[in-house]
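Reading through the structure tokens given below for one structure.
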Amino acid sequence: MGIIFVAGIGIAVLIEVLLLFKKNKSASDRILTVWMFLIVVHLFLFYMYFTQEIYRYPYLFGTEIPLPLLQGVFLYLYVSSLTDRRPGKSIYLLFHFIPAGAMYVYLITFFTLPGEQKAFVYRNHGAGYETFDSIRSYLVWFSGIFYVGWSLILLKIHRNAIRDKFSDLDKINLRWLRILTYGLGCIWLLVILFHDDTLVFTGVVGLVFVIGFFGIRQSSIFVDAPRKDAGGEQKEKYQKSGLNEDTSRELHGALIRLMTEEKLYRKSDLSIDELATKLSVHPNYLSQVINQREKKHFYDFVNTYRIEEFKEMLSMQKNQQFTLLSMALDCGFSSKTSFNRYFKKVTGRTPSEYASTPQKSAQ
């Protein structure tokens, strides 16, 4: 079992080195760098306990106790940085470190004990610190549930926000962050359900492997997203908008004509900014018109056109020589995966199932 932890520490150190020497680090890169260092330290300290080597270095006793309270914090900081959801004032971020900081302050008296006494406490499962250990356990459980839940909420809000900006989400991929968040959530389940440090840190090693595999290869994530959910309450979102009813109606008509006549939806990376430039209007106004009059996000609005275009192409006898994918790409979809996923969402059938149903042929 020890070799697994050694491998985990080695991978974590390698990731840390790669992050340290990465050029032009973003704020999220810096957060991940500090977080990975924290994971290296945490894994190393557990390995020292696992091998009993910790008893040769009694000054290390207790240093790992508050560390679990920081894991959730760094998950939140990383997710909020990548999705541009951090508080406006950075000073507020310091409040997240108060529980771990307070715990280190409380442990000062323990740190000053002779090594033999500290070893005695550990050999006897926290003798003399039972109340503190119970409070710590509940804090760790709450911290895990709170920060994993909060991070998932941020991801959901961000997902909705980018749907109001882009017509293709393949390159704006939140999969990496979801995997990371769910991975940390699984570790907390191990903490809560099993109370087995060896099992928990085996999970941590697994998370390190996940970070190593996905983290270095992650796609860039759009961070200039609006802070309010694009699919939320439209009245609240647009109540101070300068777009009146007549202007909104005219803009909507111009939008429909532009989409129908120029078929801009065939451009796979069409964005709302590009479409707004074509219409000589601010993107926020265009987003408002689409949300209110079409009852859709920009992403759904554009992809609906693509689906209808595909159906029309499929019904034409002259197109029978082409594959379903080639027609989908001509309609503006960027990949087979995105096409299949959205087509089934709209029609309830896969493209192949739909194509196998007799269609009215057009010349």
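Averaging sequence separations of C-alpha pairs under 8 Å and six or more residues apart, then dividing by the length of the chain, give the relative contact order as a whole percent.
Answer for the chain is 17 percent.
How big is D, in µm² s⁻¹, for segment 70-208 by Stokes-Einstein at 25 °C and 0.890 mPa s if Rh is the Kirkwood radius over C-alpha pairs? Don't skip to the end; give the middle numbers.
Details: Rh = 17.4 Å.
D = 141 µm²/s.
Net charge within 15 Å of GLN71 by Cβ-Cβ distance, Lys/Arg positive one each and Asp/Glu negative one each, not counting GLN71 itself?
Working: positive: ARG136; negative: GLU64, ASP197.
Charge balance in the 15 Å sphere: -1.
Convex hull volume of the Cα atoms in the chain, per residue, in Å³?
Per residue, the Cα convex hull of the chain comes to 187 Å³.
Please list, ordered by chain and number, the residues whose modelled amide H lies under 5 Å from the amide H of MET316; skip anything fewer than 5 residues away on the same chain.
Counting only residues 5 or more places away or on other chains, the set is ALA362.
Straight-line reach from LYS345: which aspartates and glutamates fall under 12 Å, measuring Cα to Cα and dropping same-chain residues less than 8 apart?
ASP300
Among the listed pairs LYS156/LYS267; LYS25/LYS267; LYS165/LYS267; LYS23/LYS89, give every one whose C-alpha distance is greater than 23 Å.
From the list (LYS156/LYS267; LYS25/LYS267; LYS165/LYS267; LYS23/LYS89), the Cα-Cα distance tops 23 Å for LYS156/LYS267; LYS25/LYS267; LYS23/LYS89.
Computed FRET efficiency, Cβ-Cβ of MET316 and PHE97, R0 51 Å: what is it to the nearest 0.05? Please report the intermediate quantities before stating the final value.
Numbers: r = 63 Å, r/R0 = 1.23.
Once the sixth-power term is evaluated, E becomes 0.25.
Note down the net charge around HIS195, summing +1 for each Lys or Arg and -1 for each Asp or Glu among other residues with Cβ under 14 Å from its Cβ.
Around HIS195, the charge tally is -2.
Between PHE194 and LYS267, what FRET efficiency follows from the Cβ-Cβ distance if R0 is 56 Å, with the result rounded to 0.05?
Plugging the Cβ-Cβ distance into 1/(1 + (r/R0)^6) gives 0.60.
To the nearest 20 debye, what is the magnitude of the charge dipole of the chain about its Cα centre, counting +1 on the Cβ of each Lys and Arg and -1 on the Cβ of each Asp and Glu?
In debye, rounded to 20, the chain gives about 720.
Which of GLY332, GLY206, GLY253 moves most in a GNM of the chain, Cα contacts under 10 Å?
GLY253
Compute the accessible area per residue over the chain, keeping the other protein chains in place, probe 1.4 Å, unit Å².
About 54 Å² of surface per residue is accessible.
Tell me what the chain gives for mean residue ellipticity at 222 nm when only DSSP H runs of n ≥ 4 count, each as -39,500 (n - 2.57), the sum divided by the residue total, rounded to 500 deg cm²/dmol.
Calculated at 222 nm, the ellipticity per residue is -20500 deg cm²/dmol.
Measure out, as a whole number of angstrom, how far apart the alpha-carbon centroids of segment 104-176 and segment 8-26 sit.
22
On a 1.4 Å probe surface of the protein chains, which of GLU16, GLU53 comes out largest in accessible area, and what is the full order?
Values: GLU16 20, GLU53 60 Å².
Solvent-accessible surface, decreasing: GLU53, GLU16.
Among all helices in the chain defined by DSSP H, which have a length of 18 Å or more along the axis from Cα atoms plus a Kyte-Doolittle mean of at least 1.0? Don't jump to the answer; show the numbers that get you there.
Details: long enough: 2-20 (27 Å, 2.74); 27-50 (34 Å, 1.56); 68-82 (22 Å, 1.37); 130-163 (50 Å, 0.47); 175-194 (28 Å, 1.61); 197-210 (19 Å, 2.04); 245-262 (25 Å, -0.71); 298-315 (26 Å, -0.40).
Correct list, ordered by number: 2-20, 27-50, 68-82, 175-194, 197-210.
Which residue, chosen from LEU77, LEU286, GLN317, occupies the Cα position most advanced towards the positive end of the dipole of the chain, where the dipole is computed from +1 (Lys, Arg) and -1 (Asp, Glu) charges on Cβ about the Cα centre?
It is GLN317, whose Cα lies furthest towards the positive end.
Whenever you get a sec, compute what percent of the accessible area on the chain sits on carbon and sulfur atoms (1.4 Å probe). Let's see the in-between values first.
Details: 11700 of 19550 Å².
Here carbon and sulfur together make up 60 percent of the probe-accessible area.
Can you tell me the length gained on complete extension of the stretch PHE111 to PHE37, counting 0.36 nm per residue apart and subtracting the Cα distance?
Length gained between PHE111 and PHE37: 24.4 nm.
The values are calculated or read from the model by the stated rules, or taken from the named source; none is laboratory data. The structure presented is a predicted model; accordingly, all values stated were derived computationally and were not measured. Because the Cβ atoms are built from the backbone with ideal geometry, glycine has one as well, and the counts that use them run over all protein chains shown. The protein model used for the area step is the full one, side chains on, heavy atoms only, and it has no ligands, DNA or RNA in it. Shrake-Rupley method; radii C 1.70, N 1.55, O 1.52, S 1.80 Å.
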